[in-house]
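Input: a single structure, listed below in structure tokens.
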Amino acid sequence: MPSLGFLKKKRTKDSQESNDLNSPTSPTLDRVTSNNTPLSPTISKNSTLFSEPESTTNRTNPSAIPTSPKPAEQMNNNNQIVGQNPTANTQNVPSIKNMINGPDYGGNNGGASQNDSAYSSQTAASSAQSALGLATQNARGNPVRETKGKYTLTDFTISRTLGTGSFGRVHLVQSKHNQRFYAVKVLKKQQVVKMKQVEHTNDERRMLQRCKHPFLITLWGTFQDGKNLYMVMDFIEGGELFSLLRKSQRFPNPVAKFYAAEVTLALDYLHSANIIYRDLKPENLLLDRHGHLKITDFGFAKEVPDITWTLCGTPDYLAPEVVSSKGYNKSVDWWSLGILIFEMLCGFTPFWDSGSPLKIYENILKGRVKYPPYIHPDAQDLLVKLITSDLTKRLGNLHGGSRDVMTHPWFAEVTWERLAKKDIDAPYVPPVKGGVGDASLFDKYPEETEAYGQGGDDPHGKLFPDF
């Protein structure tokens, strides 16, 4: 059995394409996202803009762009950075059962034909992006944002802590220049080095710098001082999907399908850039103020053109080839998608066993999954084809790639182009006020007592040259 050194502990409890334009008021590049998002009956389809915080070297008058969503990555107290504390003010998260009037997914031919129209007649070897007409799904052509040393502590006012962990914490901050709210992840260099997470921390920055997708968190910039690393990211108001799932116990079939489809698009995008995510779970899925997902916590993301052997992830979500210390490829993310769908539909993971990692590993290697009778037959068929140790049968790892997942009958009603544009209503809209730094869906923590920005010796700075 693998050691637990790099494993996360078991928990016990905008538009299709954004255009970076030169701001008329600043030489800083502001991200402008045209968002055609009818995300709830109470929200219009008017465009929503998201703005990059202005740096010290490029400050002028604030622009009149509405604020962006909520916290990037939170941290737990189990030696790894993960999503926000699952107990965060769950009384503010209404049960999804009381808010969903899901469409009829029982053999809706109209939905299926609508879905079919999204695909061309290309061969299985063609990319899913081309087959679905998703221009933004190819990550390789994206320009890499410059993030190094882009901001300083003096650019922000720290409001409160959103989450804590063994490496540091995440703060809600407000830009002094455009008055918008962001999340700043602060990592203590000494702890990162002590936990042997230098490579993962540098990979996280590198992967986030490359990515630009409506369902992935945005990294706006990084900087460092003698003791800490700082990452400026989106503030995502709606909290974790984990909190909503625990409040709801389990999701109705159409709700789980909606979230799974957005994750599928995000994984398809990452894999197009040869990036393995390796930490898919509800704690790392944040809800923006309109109810759409943002994948956060890229601490285990890595560029892998072929195979890798690093043991990392969360026990419940590890693929058997990872548990058995074999080389693995991007297909481990599709296994994790299957575990995620199972957990959303059932309220628990298929291999959970008293919270013991070793027992979970044994169950994963045995590979026996018991499907409750209330799971839709199409959903069970998809899960069987994702949660399989046979890599020659696992969807996403076959000749058709991610397209095999997208064209599965369970996703028949999904029109992928519209979803990529967020042009489909989200089943649940978090009860938060947008643009005012509303952190009501996040727990409160004692604030950091040690002041940031102190000078002095920096023995670890050379380990993080790109910050």
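The values are calculated or read from the model by the stated rules, or taken from the named source; none is laboratory data. Please read all numbers here as calculations on a predicted model, not as lab measurements. We place every Cβ from the backbone using ideal geometry, glycine too, and count neighbours over all the protein chains shown.
Selection over region 377-392 of residues that are under 17 Å from Met344 (Cα atoms), charged (D, E, K, R) and surrounded by fewer than 17 Cβ atoms within 10 Å (Cβ to Cβ) gives a count of 1. Within region 286-314, the set of residues being under 21 Å from Thr349 (Cα atoms), in contact with a Phe, Trp or Tyr (Cβ under 7 Å, 6 or more places away or on another chain) and among the aliphatic types (A, V, I, L, M) comprises Leu293, Ile295, Leu311. Looking only at region 393-418, filter to residues that are out of contact with any helix residue (DSSP H, G or I) (no Cβ under 7 Å at 6 or more places or on another chain) and not polar (S, T, N, Q); which one of those is surrounded by the fewest Cβ atoms within 10 Å (Cβ to Cβ)? The residue in question is His399. Scanning region 285-327 for residues being touching a Gly at 6+ places or on another chain (Cβ under 8 Å) and of a type in the set (S, T, N, Q) gives a total of 2. For region 436-467, a residue qualifies if it is under 21 Å from Arg206 (Cβ atoms) and among the aliphatic types (A, V, I, L, M), and exactly one does: Leu463.
Starting from residues that are within 19 Å of Asp390 (Cβ to Cβ) and more than 23 Å from the chain's Cα centre (by Cα), keep the ones in region 324-361 and report whichever is surrounded by the most Cβ atoms within 10 Å (Cβ to Cβ). Applying the filter and picking the extreme gives Tyr361. Residue check: Thr264 meets all listed conditions (1) polar (S, T, N, Q); (2) closer than 25 Å to Val432 by Cα; (3) modelled with pLDDT of 95 or more but one, namely (2).
The single condition among (1) out of contact with any Gly (no Cβ under 9 Å at 6 or more places or on another chain); (2) in the same structural domain as Cys346 (by TED's automatic domain parsing) that Leu244 does not meet is (1). So, in region 290-315, exactly how many residues are among the acidic types (Asp, Glu) and either in a loop (DSSP other than H, G, I, E, B) or crowded, with 24+ Cβ neighbours inside 10 Å (or both)? So the answer is 2.
Among residues belonging to region 284-306 that are touching a Leu at 6+ places or on another chain (Cβ under 8 Å) and of a type outside the set (A, V, I, L, M, F, W, C), point out the one that is nearest to Pro427 (Cα to Cα).
Top of the filtered list is Gly291.
The set of residues in region 182-208 being of a type in the set (Val, Ile, Thr) and outside any helix (DSSP H, G or I) consists of Val184, Val186. At least 3 residues being more than 16 Å from Glu262 (Cα to Cα) is the threshold, and among the helices (runs of 4 or more DSSP H) wholly inside region 370-467 those reaching it are 377-386.
Test Thr296 against the criterion of being farther than 25 Å from Trp220 by Cβ and not hydrophobic (A, V, I, L, M, F, W, C), and give yes or no. Give the derivation first.
Details: farther than 25 Å from Trp220 by Cβ: no; not hydrophobic (A, V, I, L, M, F, W, C): yes.
The answer is no for Thr296.
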